[in-house]
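Take this structure first; my questions come after.
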Amino acid sequence: PRISFAYNFNPEWNVSASVGSYYKIPSYRMLGFVDEEGNLKNKDLKYINAIHYTVGAQFVPKRDLRFTLEAFYKTYNNYPVSLESGISYANIGTDFSAVGSENYSSIGKGRVYGIEAYVQQQLIRSLFYVASATIYKSEFSGLDEKYKPSTWDYNFVFSTTFGYKFRNNWDVGLKYRLAGGQPYTPFDIDASISNYLTTGKGVYDYSQLNYKRLPIFSQLDFRIDKKFNFKQSSLSLFLDFQNILFYKTPYLPKFSFERTDDNSGFK
């Protein structure tokens, strides 16, 4: 069930609100997990339920210019939680697509809330631009029922696209993105050292689940377009230059041993 409401004060101002319930099937990797005896251990997982609440306002001073401000709150139920680690599937990390071969239970909960501002200038004469900024929190709970930052809890996201049309069908565009640091779980150094020769990878310290964060992400892209019009067809060519400021993308740390300076062993 979903319901929405909107009220126009005048041609320039309006307010709106909505609430809706959504469902999504758990990962097929979970549903297809078979134990050593051939039993489907997670076949009874429930559909993940999310309820979205939004309220916002819109200001349209001109036909081609629009401003919006919206607040949102989302609740999640029946979220899969690992019965082995006790961690929600939403909190595992960016390598979550490679997991799922373990027992899960639909007991997790989650919440996402924040505000978003948006502005859009439609193409008039030669210029157009779009910009949005979102400040939010995303948290999910595991077996301990305590809310922890989810893998995608970046805290803020900003993006903008700018375009300008020149004569003779030449276009240029800029796209900029800025986001807060991705949360991650640090390694348990002692356990990682003890298990590295056996597993070949580090062991996470889940007592500090998503406690640390990567540096802020930033990227600026530039694009040039040229369109050729013919009698019965057209041809569009473009050059797309990504990350023109050469910003180094942050990556999650990896656990590995480093050889000693004399190459006699590891440190």
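The values are calculated or read from the model by the stated rules, or taken from the named source; none is laboratory data. Since the structure is predicted, the reported quantities are computational estimates derived from the model, not experimental observations. Cβ coordinates were reconstructed from backbone atoms using ideal geometry, including for glycine residues, and neighbour counts include every protein chain displayed. Accessible surface areas use protein heavy atoms only, side chains included; no ligands, DNA or RNA. Shrake-Rupley method; radii C 1.70, N 1.55, O 1.52, S 1.80 Å.
What strands (runs of 3 or more DSSP E) completely inside the range 96-162 contain at least 3 residues that are under 17 Å from the mean Cα position of the chain (by Cα) and among the small types (Gly, Ala, Ser)?
Those strands (runs of 3 or more DSSP E) span 127-141.
Going through the range 186-243 one residue at a time, which ones are under 30 Å from GLY173 (Cα atoms) and of a type in the set (Lys, Arg)?
ARG223, LYS226, LYS227, LYS231
Still on this model: Among (1) under 30 Å from SER132 (Cα atoms); (2) surrounded by 13 or more Cβ atoms within 10 Å (Cβ to Cβ); (3) without any contact (Cβ under 8 Å) to a residue 40 or more places away in the chain, where does LYS226 come up short?
Going through (1) under 30 Å from SER132 (Cα atoms); (2) surrounded by 13 or more Cβ atoms within 10 Å (Cβ to Cβ); (3) without any contact (Cβ under 8 Å) to a residue 40 or more places away in the chain one by one, LYS226 breaks only (3).
Would you check which residues across the range 153-171 are exposed (fewer than 15 other Cβ atoms within 10 Å of the Cβ) and at pLDDT below 95 and list them?
Within the range 153-171, PHE166, ARG167, ASN168, ASN169, TRP170 meet the criteria.
Within the range 208-254, can you find the residues that are β-branched (Val, Ile, Thr), touching a Leu at 6+ places or on another chain (Cβ under 8 Å) and farther than 18 Å from THR161 by Cβ?
ILE216 - this is the single residue of the range 208-254 that is β-branched (Val, Ile, Thr), touching a Leu at 6+ places or on another chain (Cβ under 8 Å) and farther than 18 Å from THR161 by Cβ.
Suppose we filter ALA50, ALA6, ALA57, ALA71 for residues that are under 29 Å from SER132 (Cα atoms) and surrounded by 17 or more Cβ atoms within 10 Å (Cβ to Cβ); which single one remains?
That would be ALA50, the only listed residue that is under 29 Å from SER132 (Cα atoms) and surrounded by 17 or more Cβ atoms within 10 Å (Cβ to Cβ).
Separate question: Output yes when any residue across the range 175-184 is among the basic types (Lys, Arg), open to solvent by 70 Å² or more (accessible area, probe 1.4 Å), modelled with pLDDT of 95 or more and more than 30 Å from GLU258 (Cβ to Cβ), and no when none is.
yes
Only one residue in ILE124, ILE92 is of a type in the set (Val, Ile, Thr), in contact with an Asp or Glu (Cβ under 7 Å, 6 or more places away or on another chain), touching a residue at least 12 places away in the same chain (Cβ under 8 Å) and over 27 Å from ALA6 (Cα atoms), so which one is that?
Matching residue, one of ILE124, ILE92: ILE124.
Across the range 108-146, what is the number of residues that are open to solvent by 20 Å² or more (accessible area, probe 1.4 Å), closer than 15 Å to TYR89 by Cβ and at pLDDT 95 or above?
The total comes to 2.
Mind listing whichever residues of the range 197-223 are open to solvent by less than 50 Å² (accessible area, probe 1.4 Å) and out of contact with any helix residue (DSSP H, G or I) (no Cβ under 7 Å at 6 or more places or on another chain)?
GLY200, ASP205, LEU214, SER218, GLN219, LEU220, ASP221
Can you report the number of residues in the range 13-40 which are surrounded by fewer than 13 Cβ atoms within 10 Å (Cβ to Cβ) and aliphatic (A, V, I, L, M)?
Count: 3.
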